[in-house]
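As structure tokens, the structure follows; a few thoughts come after it.
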Amino acid sequence: MNVKIEEGWKRELAAEFEQPYFKQLTDRVKNDYADPGIKVYPPGKEIFAAYDACPFDNTKVVIIGQDPYHGPGQANGLCFSVSKGVAMPPSLINIFKEVSSDTGAPMPADGDLTRWARQGVLLLNSSLTVREHQPKSHSGIGWEQFTDATVEALASRRDHLVFLLWGSDAIRKGAKIDRDRHLVLTSVHPSPLSAHRGFFGNHHFTRANEYLQAHGLTPIEW
């Protein structure tokens, strides 16, 4: 199948694109995007934005979200991220609060995490598309199998990566990662419903950078 995605990822995930489930997934998603009565996010050209912004060979850190934001104008293909000019959702605000507390970095002017992706942070949602105002509406149609393969490709073919897994869904997705080969940091989700139960104060951002530096890699400017 002719999937437009960064060449390194296209190489590593080539087998997935040929699987029957991926053809069925593609047909389902294309039908929803083509249906005038349904709005789907992110925009079609941004479905693989996380991969395009963070090539396979450059990836150093992986953050796993659930599915894209389902409100108008919010999703841009990177988990937790919103484009410049879009109001920051509560979970993203809490992420920046922890970054500031942990590293001393000031709160940013916008919520566009492309600046992280370009430094090697893969901002991966478990599902890459969603219907407007219907969270998890594209869960269970094949995206999870594809993003599981993404995590497996990184965990098995790269060394000394950092996986930041926030919340039970993300933690389950990282269950098979070799902890002797990679750093896996887990906590509750940054949502306002749970952030005070262990996301704040988890120091994941400084711990990630310490691990990267210990293995001769450039730290992330969070």
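The values are calculated or read from the model by the stated rules, or taken from the named source; none is laboratory data. Computed from a prediction, not measured in an experiment: that's the story for all the values here. Methodologically, a virtual Cβ is constructed for each residue, glycine included, from the backbone with ideal geometry; neighbour enumeration extends over all protein chains shown. What goes into the accessible areas is simple: the full protein's heavy atoms, side chains included, and nothing from ligands, DNA or RNA. Shrake-Rupley method; radii C 1.70, N 1.55, O 1.52, S 1.80 Å.
The strands (runs of 3 or more DSSP E) located wholly in region 105-222 that include 3 or more residues which are modelled with pLDDT of 95 or more, on the phi < 0 side of the Ramachandran plot and open to solvent by 10 Å² or more (accessible area, probe 1.4 Å) occupy 183-187. Of D32, D27, all but one fail to be at pLDDT 95 or above and open to solvent by 40 Å² or more (accessible area, probe 1.4 Å); the exception is D27.
Annotation note: of S91, S101, S127, the sole residue that is closer than 21 Å to A175 by Cα, hydroxyl-bearing (S, T, Y) and in contact (Cβ under 8 Å) with a residue 40 or more places away in the chain is S127. Of A50, A75, all but one fail to be open to solvent by less than 20 Å² (accessible area, probe 1.4 Å), under 25 Å from A195 (Cβ atoms), aliphatic (A, V, I, L, M) and part of a helix (DSSP H, G or I); the exception is A50. Against the list (1) in contact with a Leu (Cβ under 7 Å, 6 or more places away or on another chain); (2) surrounded by fewer than 23 Cβ atoms within 10 Å (Cβ to Cβ), the condition S81 fails is (2).
Listed here are the residues, each with its yes/no results for (1) out of contact with any helix residue (DSSP H, G or I) (no Cβ under 9 Å at 6 or more places or on another chain); (2) closer than 30 Å to R115 by Cα.
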site	(1), (2)
V29	no, yes
I38	no, no
Y41	yes, yes
K45	yes, yes
A50	no, yes
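Considering G167, G174, the condition of being out of contact with any Lys or Arg (no Cβ under 8 Å at 6 or more places or on another chain), closer than 25 Å to G73 by Cα and in contact (Cβ under 8 Å) with a residue 40 or more places away in the chain is satisfied by G167 alone. Of all the numbered requirements in (1) under 22 Å from H138 (Cα atoms); (2) polar (S, T, N, Q); (3) open to solvent by 70 Å² or more (accessible area, probe 1.4 Å), N58 misses one, and that requirement is (1).
When the test is whether a residue is within 19 Å of K176 (Cα to Cα), of a type outside the set (A, V, I, L, M) and in contact with a Ser or Thr (Cβ under 9 Å, 6 or more places away or on another chain), S126 passes it.
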